[in-house]
Amino acid sequence: MGHNHDHHGGGPAAVGARDRRWLLGALVLVVVFMAGEAVAGLLAHSLALLADAGHMLTDAAALLVAVIASRLAERPARGAYTYGFARVDALSGQANGITLVLLAVWFTYEAVRRLFEPQPVHGGVVALVAAAGAAVNVLATWLAGRADRASLNVRGVLAHLVTDAWAFGATFVAGVVIVTTGWRPADAVASLAVAALMAWTGLRLVQAAGRIFLEAAPTGLDPHAIGEDLAAAEGVAEVHDLHVWELGSRRPAMSAHVLVEPPFDCHEVAEGLRLRLAAGYGIDHVTLQVDHAVDAVDGAGHHADNCADAHGVVHVPRGIDELN
């Protein structure tokens, strides 16, 4: 049996510290503007500005959690936590996504209510604050984008900030419409647009975190293709019980049972497969059970059937075109 248990944290400590500095810079910028926008929203009686501020609150939470998760991810695996804390990233991303969806539901309710009961809104203030928010958003996105984009948290933060850019655009248009035409429902319409963007972003974060918790194969990695590639390697007779999943974002893992053709050496074949997985698929955490094919034949002297076994695991023999 071959093992390669590499427990990396979140990359080198220096890289993690650099990423946290960029994220903290974006966090300070977002928090300061968010507070000002909330005050402006209350003074202008603008639900769109308050919705934007609410969205920026989730941005701030995402940035803060990303900083904390980056630090936790660097802690070594120990005690009962044999995989370390890689999934803190997914936990925080999921919580952030759920918060976004809940906020979207509340803003949708308030916006619909205001469509039927329009409130007086100071369009000039709304347009001015939205324009300033767009500028702040661009700077915050640049700062956060300097961090490692492979992290689910960082990707979530960037998704938030990009959504904010669209939200500020909708709010700015609403302010201009109110100033030029006096049509007050424009504020509620902009709020609905912001709520829709929040729901879309939140659901995508929940989905991405769910894939990690359900141990689905990482996006872009096809277990079928990986199995066929390994089965085609020199000395490999069969590959089965193959599983590909993520320990956390940026940390793909794989396990499999490999049968080796005599007279090839099990250890050499296993090492070659690990190098093949690392170079071709970026999978460094690999657990292989390796046996000689002659040790895994049935009583009639034949290999086991190349199909799903009683546990539903698909066997991947070398040279086949399709899985049975």
(request) For region 74-217, state the semi-axes of the equivalent ellipsoid (square roots of 5 times the eigenvalues of the alpha-carbon gyration tensor), sorted largest first and rounded to whole angstrom. (result) 37, 17, 9
(request) Taking only protein heavy atoms into account and a 1.4 Å probe, give the accessible area per residue of region 61-200 in Å². (result) 48 Å²
(message) Quick check: the distance between the Cα centres of region 64-104 and region 157-224, to the nearest angstrom?
(response) 22 Å
(request) Starting from the Cα gyration tensor of region 10-128, take the square roots of the eigenvalues, sort them a ≥ b ≥ c, and report rounded, prolate or oblate (rounded when a/c is under 1.5, otherwise prolate if a/b is larger than b/c, else oblate). (result) oblate
(message) Let me cross-check Glu228: its accessible surface, 1.4 Å probe, with only protein heavy atoms counted, in Å² to the nearest 10?
(response) 60 Å²
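Using a 1.4 angstrom probe with every protein chain in place, what is the largest-first accessible-area order of His267, His243, His292, His257?
Numbers: His267 130, His243 90, His292 55, His257 30 Å².
The ordering from most to least exposed comes out as His267, His243, His292, His257.
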(request) From largest accessible area down, sort Thr219, Thr163; use a 1.4 Å probe on the protein chains. (result) Thr219, Thr163
(request) About the Cα centre of region 47-104, how large is the charge dipole given +1 on each Lys and Arg Cβ and -1 on each Asp and Glu Cβ? Please answer in debye to the nearest 20. (result) 340 debye
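Computing the accessible area with a 1.4 Å probe over protein heavy atoms, can you report the carbon and sulfur percentage for region 163-244?
Numbers: 2320 of 3620 Å².
On region 163-244, the fraction of accessible area on carbon and sulfur atoms equals 64 percent.
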(request) Multiply the residue separation of Thr180 and Val138 by 0.36 nm, subtract the distance between their alpha-carbon atoms, and state the gained length in nm to one decimal. (result) 12.4 nm
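What's the extension gain from Leu24 to Leu275 if we count 0.36 nm per residue and subtract their Cα-Cα distance? Could the numbers behind the result be given before it?
On the way: separation 251, 0.36 × 251 = 90.36 nm, distance 3.73 nm.
Additional length available on full extension: 86.6 nm.
The values are calculated or read from the model by the stated rules, or taken from the named source; none is laboratory data. This one's a predicted model, so the numbers in the text were calculated from it and none came from an experiment. Cβ: placed from backbone, ideal geometry, glycine included. Neighbour counts: every protein chain shown. Each accessible area value is taken on the protein alone, full model and side chains, heavy atoms only, with ligands, DNA and RNA left out. Shrake-Rupley method; radii C 1.70, N 1.55, O 1.52, S 1.80 Å.
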